[in-house]
Amino acid sequence: ALKNGILGQWAKGAEEHNPIGLELLQKKGTKKMVKSKSMLTEECHLNDFLENNDIEVIDTDLGERIVQLAKEAPSHIVLPCIHKKKEEIGEIFHEHLNSPKGLSDPKELTEIARQSLRTDFLSADAAMTGVNFAIAETGEFVVCTNEGNADMGAHLANLHIASMGIEKIIPQRKHLGI
């Protein structure tokens, strides 16, 4: 990974992780970052840390974006806004995304979120994703997603930070399928 230009950083918990991320973002002049697929950053309370240091963080997983707009923490590891009814989501979108009042159709709500997030992806200075597996030999990493947002962030932003625990590293690509 290092031979292929990957910059590796090591941290022992949030008190080391968050300042490392902040430094990388500040070096690039980041004002806005899109983020997806990272429970590690939730555990580190990275969003609050970065926002307290003048970096806007946009969660791009739809459920996490909803609870972020509602100023709540995710309620479930896989379904972060399972506790929200579509009518509540409509009100959140009306308040924060200027959608029509009283909207509750899931397809329409999804389209509103999609259009809003598209703007965020195109205007973000940086992206951060979690990692499901990282391959030490090559520096490749795998992020499993059902929304495509991790791909958008990693490919559109000028800076991509992959945040992961050391347990995600495997030696070689051939070990990925084992």
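The values are calculated or read from the model by the stated rules, or taken from the named source; none is laboratory data. Since we're looking at a predicted model, the values are computed, not measured. Ideal geometry is used to build each Cβ from the backbone, glycine not excepted, and the neighbour counts take in all protein chains shown. Please note that ligands, DNA and RNA were not included when accessible areas were found on the heavy atoms of the full protein model with its side chains. Shrake-Rupley method; radii C 1.70, N 1.55, O 1.52, S 1.80 Å.
With every protein chain left in place, what is the accessible area per residue of the range 1-65 in square angstrom, probe 1.4 Å? Numbers along the way, then the final one.
Values: 3750 Å² over 65 residues.
That works out to 58 Å² for each residue.
Can you flag which of K3/K168; K37/K107; K31/K174 are past 28 Å Cα-Cα? Working shown, then result.
Details: K3/K168 19 Å; K37/K107 22 Å; K31/K174 39 Å.
Violating the 28 Å Cα-Cα cut-off are K31/K174.
With the charge dipole of the range 24-178 set up from +1 on Lys and Arg Cβ and -1 on Asp and Glu Cβ about the Cα centre, the Cα lying farthest toward the positive end among the listed residues A157, L69, P106 is that of A157.
Just how large is the dipole of the range 104-178 about the Cα centre, in debye to the nearest 20, putting +1 at every Lys and Arg Cβ and -1 at every Asp and Glu Cβ? Can you show the working numbers first?
Working: 6 positive and 10 negative charges, 52 e Å.
Dipole magnitude for the range 104-178 comes out near 240 debye.
Only protein atoms count toward the accessible area here, which uses a 1.4 Å probe; on the range 39-178, the carbon and sulfur part of that area reaches 54 percent. Couplings for the range 144-160, taken from phi via the Karplus curve 6.51 cos²θ - 1.76 cosθ + 1.60 with θ = phi - 60°, read 7, 8, 10, 10, x, 5, 4, 4, 4, x, 5, 9, 8, 6, 6, 10, 10 Hz in order; Gly and Pro are left as x. Amide H to amide H, with H built 1.01 Å from N, I58 comes under 5 Å of M33, V34, K35, counting only residues 5 or more places away or on other chains.
Dividing the mean sequence gap of close Cα pairs (under 8 Å, 6+ apart) by how many residues the range 33-145 holds gives a relative contact order of 29 percent.
Just the number, please: percent antiparallel of the DSSP beta bridges in the range 20-159, rounded to the nearest 5. Here the share of antiparallel DSSP bridges comes out near 20 percent.
Can you give the charge dipole size of the chain about its Cα centre, rounded to the nearest 20 debye, using +1 on the beta carbon of Lys and Arg and -1 on the beta carbon of Asp and Glu?
The calculation lands at about 540 debye.
Here the Karplus relation 6.51 cos²θ - 1.76 cosθ + 1.60, evaluated at θ = phi - 60°, turns the backbone of the range 83-95 into coupling constants of 7, 9, 8, 4, 5, 5, 5, x, 5, 4, 5, 4, 5 Hz, with x for every Gly and Pro.
Taking E167, E64, E137 and ordering them by how much accessible surface each has at a 1.4 Å probe, largest first, produces E167, E137, E64. Note that the range 13-25 has calculated 3J(HN,Hα) couplings of x, 4, 5, 9, 4, 5, x, 5, x, 4, 4, 4, 5 Hz, one per residue in order, obtained from phi through the Karplus relation 6.51 cos²θ - 1.76 cosθ + 1.60 (θ = phi - 60°); glycine and proline are x.
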